[in-house]
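The values are calculated or read from the model by the stated rules, or taken from the named source; none is laboratory data. The model shown is predicted, which means the values in this text are computed figures rather than measured ones. Every residue, glycine among them, receives a Cβ derived from its backbone with ideal geometry; neighbour counts consider all protein chains shown.
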């Protein structure tokens, strides 16, 4: 068991979010669900917690009420090997009311922020070649969804 687990607190849509996410990511599953009873602060029968995995990474979702909201200060990063992967996650995560942002960021319909990032971008941004870094960074800053061909062309100059 990992020492750190991402814990996502929703108002009252945790079960819908868990179902949404586990349909998008391969190797995903719900490990356990608990529901509020008579003594809970939320309505009886509403999902309280869900322990689930997305592509092998463990998460817990909670319905905690309206005092909990998400912000762009915390995001989940999806590392993608191919442009097809970038395109898939980019379109799936924004389905149903999400919003595209800049530089590979988006917000899903539940308000959770995601970064859909090709591994090539991270490799290019960690290069010790400062002019290459600047070209790649400038190209990325002009993008909404990251295009691998565009960042690789920028790297080459």
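Before moving on, here are some points about what is shown:
- Checklist (1) without any contact (Cβ under 8 Å) to a residue 24 or more places away in the chain; (2) over 24 Å from residue 136 (Cβ atoms) applied to residue 71, failing item: (1)
- So residue 86, is it touching a residue at least 60 places away in the same chain (Cβ under 8 Å), touching a helix residue (DSSP H, G or I) at 6+ places or on another chain (Cβ under 9 Å), in the same structural domain as residue 146 (by TED's automatic domain parsing) and buried (at least 20 other Cβ atoms within 10 Å of the Cβ): yes
- Here is the figure for region 20-46: residues that are surrounded by 13 or more Cβ atoms within 10 Å (Cβ to Cβ) and either touching a strand residue (DSSP E or B) at 6+ places or on another chain (Cβ under 9 Å) or at pLDDT below 95 (or both) total 12.
- The criterion of being assigned by TED's automatic domain parsing to the domain that holds residue 6 and within 14 Å of residue 21 (Cβ to Cβ) holds for residue 57.
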